[in-house]
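Written out below as structure tokens is the structure these notes cover.
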2 protein chains.
Amino acid sequence: MKKARYHHGDLRAGLTEAARLLVEERGPERLTMSLASRAAGVSTAAPYRYFADRDELLNAVALEGMERQREALEAGGALHPLGSEAAVTAIGLAYVNFATRERGVFRLMFSLTRTHAQHPEMLQKGSDTFDVLLRNLAHRYALPMDDPAILARGLKLWTFVHGLSFLLIDDKVSAMSISLDLHDTLADAARRFLRDD
Amino acid sequence: MKKARYHHGDLRAGLTEAARLLVEERGPERLTMSLASRAAGVSTAAPYRYFADRDELLNAVALEGMERQREALEAGGALHPLGSEAAVTAIGLAYVNFATRERGVFRLMFSLTRTHAQHPEMLQKGSDTFDVLLRNLAHRYALPMDDPAILARGLKLWTFVHGLSFLLIDDKVSAMSISLDLHDTLADAARRFLRDD
DNA sequence: AACATATGTTAGAATTTCTAACATCCTTTT
DNA sequence: AAAAGGATGTTAGAAATTCTAACATATGTT
């Protein structure tokens, strides 16, 4: 039986985790400081010791999500030889799987409240995630990661998996009565975007 | 000089238009009934004669946006022969252009508040928009619009333009220091997804 | 042990959503 | 043309929310 403590222990982490669950459960728009506070077991004013406002709490959730997504992409890519079509497909699959598994957080990661764009940490983490794909492409074509040809091809692949993620979490695919094999779809896209003619 | 009227004339339309502008200006999340009311020149309670709640006002803005987007796609496609690669490219270009020209409304159209999914009018309008593309594909391959092969190819093309739209409005493309020619990018995608080998 | 700092609470102002009760205008029926 | 009745708008206010200010309690440093 725990003693009721005045201090929480690690309230920043507690709030971030509570917020993550709420974002997932009810969507980013419906997260309130009140709900997060209650879930973390503190008063509604307590969060303001750690987060300037609601947006900053959401930012923390988004940042943590970006880290986990990058890890997922790396784990997916590592299953296949660096630069192989299979690796690119696996990275795409990991991307889409993350999006559908964590709809709320994924949507939050891409629902820019003017802050995001300038937020250096967010730019960095976004870049880190993209790099997982770029590393494979750079190796495949024996070019530096920042080569325009690599960036252009990387962007096309990202564009596809990103678009598919959104159409899936918005239920557009099922709404259009389309049944799809996710792996096939991604493998096909990888093949089409990796060929040189 | 206008007489100050008690009745607005067409408050539903006035509010929808005011809301559209505000959504564009400040983003969907920051639209408040108060702001829309003031912009339309009525009290804050007036909107509730026409919209059950804030979500319904946003829905109206989204629906109107979907209609305009479909019109834009049709206008783009009509510039080229039905079923041609150029028509598909032009439709994609119109899609992305709409998204970047009306970031706020576009984002709103795809930020599903559980209502969207079941909302029959929204399903219909979404389907109408997709059909602009499907008509071209069906003609190109001489198959019915609901043929699985047509749907699958249509989804891939949609996926690409949809993903590109989001990456652009979220400033991810510039954040990754990628410069891109929009038409080239879309023409390339159309070519890759329309080929049969 | 006392002070300083970190961390949490309570109280409350400002804003927002939405409802209820009331006011005004318009249309239709006689 | 007058009155009834419905449609459309207003004012007032309850409940919820964000965020701040002032206060309280714990922690750890000298």
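The values are calculated or read from the model by the stated rules, or taken from the named source; none is laboratory data. What you see is a predicted model; the values in this text were computed from it and never measured. Cβ atoms come from the backbone with ideal geometry, glycine included; neighbour counts cover every protein chain shown. We work out accessible area using only protein heavy atoms, side chains counted, and drop any ligands, DNA or RNA first. Shrake-Rupley method; radii C 1.70, N 1.55, O 1.52, S 1.80 Å.
Put the label 7 Å from Cα along Cα→Cβ for A:I178; what are its distances to the other copies, in nanometres, shortest first?
Those label-point separations list as 2.0 nm.
Starting from the exponent 0.38 and prefactor 2.2 Å, build the expected Rg for segment A:67-152 from its residue count and divide its actual Cα Rg by it.
Taking the Cα Rg and dividing by 2.2 N^0.38 Å, one obtains 1.14.
Projecting each Cα onto the charge dipole of segment B:1-126 (Lys/Arg +1, Asp/Glu -1 at the beta carbon, about the Cα centre), which of B:S34, B:Q118, B:A72 comes out farthest on the positive side?
Checked the options; the winner is B:S34.
So for chain A, what percent of the C-alpha to C-alpha distances run longer than 31 Å?
Value for chain A (Cα pairs over 31 Å): 29 percent.
Compute the label-point distances linking A:R38 to its equivalents in the other copies; points lie 7 Å from Cα along Cα→Cβ; give nm, one decimal, shortest first.
3.0
For the interface of chains A and B, what total accessible area is buried with a 1.4 Å probe, rounded to the nearest 100 Å²?
3800 Å²
What does the C-alpha gyration tensor say about the overall shape of the protein assembly as shown? Classify as rounded when a/c is under 1.5, otherwise prolate if a/b is larger than b/c, or oblate.
Because a/c hits 1.5 or more and a/b fails to exceed b/c, the protein assembly as shown counts as oblate.
Could you work out which residue, out of A:G104, A:G76, A:G14, moves most in a Gaussian network model of chain A, that is, has the largest mean-square fluctuation with Cα springs under 10 Å?
Taking springs between Cα atoms under 10 Å, the residue moving most is A:G14.
If you put +1 on each Lys and Arg Cβ and -1 on each Asp and Glu Cβ, how big is the dipole of segment A:42-81 around its Cα centre, in Debye rounded to 20?
Taking the Cα centre of segment A:42-81 as origin, the dipole is about 80 debye.
In terms of the ratio Rg/(2.2 N^0.38 Å) built on C-alpha atoms, what value belongs to segment A:1-51?
Compared with the compact-globule rule of thumb, segment A:1-51 sits at 1.13.
Chain A: which residue's Cβ hugs the A-to-B rotation axis most tightly, distance rounded to whole Å?
Axis-proximal residue of A, distance in whole Å: A:G163, 1.
Excluding residues fewer than 8 places away in the same chain, name every one of the aspartates and glutamates whose C-alpha is closer than 16 Å to that of A:K172.
Counting by Cα, and skipping residues close in sequence, A:K172 has these aspartates and glutamates nearby: A:D181, B:E121, B:D128, B:D131, B:D146.
Given only helices, namely DSSP H runs of n ≥ 4 each adding -39500 (n - 2.57), what is the per-residue ellipticity at 222 nm of chain B, to the nearest 500 deg cm²/dmol?
-22500 deg cm²/dmol
Could you pull the copy-to-copy label distances for A:E25, with points set 7 Å along Cα to Cβ, in nm to one decimal and sorted shortest first?
List, nearest first: 3.7 nm.
Distances longer than 13 Å among the Cα atoms of segment A:138-197: what percent of all pairs is that?
The calculated P(r) of segment A:138-197 puts 67 percent of pairs beyond 13 Å.
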